[in-house]
1. Could you please find all residues in the stretch 77-98 being within 13 Å of residue 30 (Cα to Cα) and either part of a loop (DSSP other than H, G, I, E, B) or free of Cβ contacts under 8 Å to residues at least 40 places away in the same chain (or both)?
2. Is there any pair linking a residue in the stretch 47-67 that is under 30 Å from residue 34 (Cα atoms) to one that is among the aromatic types (Phe, Trp, Tyr) and in a strand (DSSP E or B), with Cβ under 7 Å and at least six apart or on different chains, and which?
3. Got a number for residues in the stretch 99-133 being within 19 Å of residue 31 (Cα to Cα) and part of a strand (DSSP E or B)?
4. Can you name the condition, by its number, that residue 111 falls short on among (1) closer than 19 Å to residue 71 by Cβ; (2) among the aliphatic types (A, V, I, L, M); (3) touching a residue at least 60 places away in the same chain (Cβ under 8 Å)?
5. Would you be able to say whether some residue in the stretch 36-58 is under 23 Å from residue 136 (Cβ atoms), outside any loop (DSSP other than H, G, I, E, B) and among the β-branched types (Val, Ile, Thr)?
6. State all residues of the stretch 36-59 that are under 30 Å from residue 117 (Cβ atoms) and surrounded by 11 or more Cβ atoms within 10 Å (Cβ to Cβ); if no residue qualifies, say none.
Amino acid sequence: MPIERPTPYGNFNFIVDFAHGDTETTRGGFSEISGLNIEVTSAEYRAGNAKANHPIKINGLYKVGDVTFKRGLLAADDLYRWTDEVRTGTPGVLRTVNVQLLDEGHQNVVMKWTLINARPIRYTAPTFNAKSGTDVAVEELVLSIEDLAIG
């Protein structure tokens with residue numbers, strides 16, 4: 001576990017590994033990740049002989065959110081190919097994806113989010129606009145995950 005410190009880490013030094021161990025190339029170079037969350041549902045319950053006239057809350061199932069990854073378009077079709085494998089029913093397409101937050105010196109992993117049994121549910125190609133020549137073409141991949149571990 002990382003050493004505690006009085007100031008929070010920045011949100012701009014992170015790497016992604018889509019189960020290939022490839023975090024050094026531009027394939028793992030994402031500009032934005034969102035949706036890393038866990039939600040615990042609750043159910044209300046009240047017994048007929050309860051003294052209080054209100055229900056109690058009981059923990060129910062938990063669920064994890066869909067996670068969105070954005071990166072500048074590269075000469076690589078790996079995100080699309082993975083989506084296509086899911087779309088066509090190719091066996092063995094679930095992956096464990098790791099998102100690692102690095103310290104300011106890019107030397108140490110200070111926190112890691114492990115996305116368990118991840119699969120693409122939406123691939124979005126870049127939006128093209130001939131009037132604005134200053135924006136980067138960005139592709140987007142949304143993953144459905146079964147569980148999220150943080151450590």
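The numbers here are math on the coordinates, done by the rules we state, and not lab data. Source: prediction; values computed, not measured. So basically every Cβ, Gly included, is an ideal-geometry build from the backbone, and we count neighbours across all protein chains shown.
1. none
2. 58/45
3. 15
4. Among (1) closer than 19 Å to residue 71 by Cβ; (2) among the aliphatic types (A, V, I, L, M); (3) touching a residue at least 60 places away in the same chain (Cβ under 8 Å), residue 111 violates only (1).
5. Within the stretch 36-58, not a single residue is under 23 Å from residue 136 (Cβ atoms), outside any loop (DSSP other than H, G, I, E, B) and among the β-branched types (Val, Ile, Thr).
6. 36, 37, 38, 42, 43
Let's see how each residue does on (1) basic (Lys, Arg); (2) farther than 30 Å from residue 43 by Cα:
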| residue | (1), (2) |
| --- | --- |
| 83 | no, yes |
| 116 | no, no |
| 123 | no, yes |
| 131 | yes, yes |
